[in-house]
Structure formats: C-alpha cells, structure tokens
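Please read the structure below before turning to the comments.
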C-alpha cells in the first residue's frame with residue numbers, strides 16, 4: 001500500500017502553503033492545481049482551506065500522496081523565487097515544519113527529501129522559550145519577540161533573524177509609505193538634509209550625525225545579516241544562539257528608535 005498523508009498532516013501542509021503572509025497567492029494555487037489536473041472543489045474558500053479540500057479530494061480518489069508531493073515540488077521550484085528569494089526560505093521553513101511529521105523536507109534546491117520523522121515540537125518550543133527568556137531579560141522590543149517562535153528556531157536561529165530583519169524594512173515602509181527595500185529604502189526614509197523620518201530635531205551637528213549614523217546602522221544590519229540570510233543557501237548559514245541574541249537586541253534598538261521617529 002502506498003503512503004498517504006494523515007488528516008492533520010494535510011491540514012498542516014495546506015496551512016503552510018496557504019499562509020496569509022508567506023503562502024502562495026490564490027492565482028498561484030489555481031494555476032498549480034490546474035497544471036496537475038487536480039480538482040479545485042472550493043476556490044472561494046480561504047487559501048489554506050481551499051488547498052486542504054483539494055488535497056483531501058485527490059488523496060481520497062488516488063489513495064496515495066503522489067499528486068500532493070508533486071504540488072509541493074511545483075510550488076517550491078526555486079525559479080519561482082528569483083525575484084524574491086526571501087519568500088522561498090520563509091515558505092520552506094513553514095512547509096518543512098509541517099512535513100517533518102511525515103519524515104519529509106524540502107531542501108534548498110526545492111527537492112523533497114527524506115529525514116528522520118519528528119514526533120514532537122518540544123525541542124523547538126524549548127529553544128524558543130529559552131531565547132525569549134534571554135531577550136526579555138535584555139528588555140527587547142515586542143516586535144522582535146514575536147519572531148522567537150518554535151517554527152522559526154526549530155533547527156537553528158536563521159529564520160528568526162531573517163524575519164526580524166525583514167520586519168525593520170516593513171516598519172520603515174509602514175511609517176513612510178515607501179515601497180523600496182534595502183539601502184534605497186533607508187536612504188529615502190532617513191538620509192539627506194530633509195529625511196522623511198527623523199529620530200531627533202536635526203538642529204545641531206551632533207543630532208544630524210546621530211541621524212546619519214542611525215541610517216548607516218540599519219544599512220549595515222541589512223548588508224551584514226539580511227542580504228546573506230536571504231540569498232545564501234540555508235545550509236551554509238550557521239547562526240548561533242549568542243549571535244542571534246546580539247542581532248535581535250540590535251534590531252530591538254532599531255525598532256524602538258523607529259517607533260519614536262517623527263515624520
């Protein structure tokens with residue numbers, strides 16, 4: 001008898017692929033289902049429920065999980081993420097947590113590989129709790145703590161760091177209305193004689209130097225951490241707990257100063 005996914009496995013996979021912020025778009029879901037000739041019984045439902053119903057329908061019909069695995073392969077083809085490699089890693093992280101209970105994972109090339117089957121999240125939960133405790137002792141900003149979750153520290157601290165550095169750019173865009181990213185975003189928001197955001201009154205030479213230094217601090221954070229973590233293969237980036245705590249503390253400082261910045 002061929003392998004099939006359990007109901008809970010299918011739900012977890014559907015939720016990972018249909019995640020509101022990091023999942024596939026509705027049109028992407030429809031296109032992949034159509035290309036694999038999989039029935040799309042409820043296209044008007046939320047994304048994850050739509051996927052779940054499609055997966056259940058196909059698996060019940062075929063009595064195997066081959067079509068669902070092929071859907072995952074199609075969804076995780078690296079070529080889909082050339083313009084947005086960060087989304088590949090975020091989506092892969094969520095998906096691998098779901099697949100781990102079936103003894104499967106998606107590697108950095110988008111292939112499905114066999115791994116040791118997971119039975120509990122206790123280790124990941126312990127790591128997340130320990131990280132949160134240490135960071136709370138440092139008085140770290142809540143916008144940083146919310147990324148210290150079990151699914152983001154399941155194997156190391158890479159994804160927590162990635163998501164926090166992305167959140168800095170998100171806050172800059174939210175406060176300014178800009179749509180840029182990276183150094184361009186920082187320059188337009190914080191640099192120059194009349195920045196969109198200021199962390200002080202910009203009256204004295206010292207205040208202007210502080211503003212310039214803050215902008216460079218964010219650009220340095222993006223350059224040293226966000227760009228490598230977003231573009232290098234996951235397996236090549238090792239992030240220790242100590243390094244993660246230091247970076248997350250730095251991100252906390254940036255978040256706090258941005259909260260108090262004036263337009």
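Hey, what angle do you get for helix 47-62 against the long axis of the chain, alpha-carbon based, 0 to 90 degrees rounded to 10?
Tilt relative to the chain: about 20 degrees.
For an R0 of 25 angstrom, estimate the FRET efficiency from the Cβ-Cβ distance between residue 21 and residue 112 and round to the nearest 0.05.
So the FRET efficiency works out to roughly 0.60.
Helix-derived [θ] at 222 nm for the chain: sum -39500 (n - 2.57) over DSSP H runs of at least 4, divide by residue count, nearest 500?
So the calculated ellipticity at 222 nm is -18000 deg cm²/dmol.
If I take R0 = 45 Å and measure r between the Cβ atoms of residue 210 and residue 136 in this structure, what FRET efficiency does the formula 1/(1 + (r/R0)^6) give, to the nearest 0.05? Walk me through the numbers on the way to the answer.
Details: r = 27 Å, r/R0 = 0.61.
So the FRET efficiency works out to roughly 0.95.
Does the chain classify as rounded, prolate or oblate by the C-alpha gyration tensor (a ≥ b ≥ c root eigenvalues; a/c under 1.5 gives rounded; else a/b over b/c gives prolate, otherwise oblate)?
Values: a/c = 2.68, a/b = 1.90, b/c = 1.42.
Prolate, because a/c is 1.5 or more and a/b exceeds b/c.
Using a Gaussian network model of the chain whose springs link C-alpha atoms within less than 10 Å, name the residue from 61, 157, 52 with the highest mean-square fluctuation.
Residue with maximal mean-square fluctuation among 61, 157, 52: 61.
Averaging sequence separations of C-alpha pairs under 8 Å and six or more residues apart, then dividing by the length of the chain, give the relative contact order as a whole percent.
16 percent
Remind me, what semi-axes does the range 160-199 give for its equivalent ellipsoid, largest first in whole Å, using sqrt of 5 times each Cα gyration tensor eigenvalue?
Equivalent ellipsoid of the range 160-199: 19, 9, 9 Å, largest first.
Every number in this text was worked out from the coordinates using simple rules, so none of it is lab data. Since we're looking at a predicted model, the values are computed, not measured. Cβ: placed from backbone, ideal geometry, glycine included. Neighbour counts: every protein chain shown.
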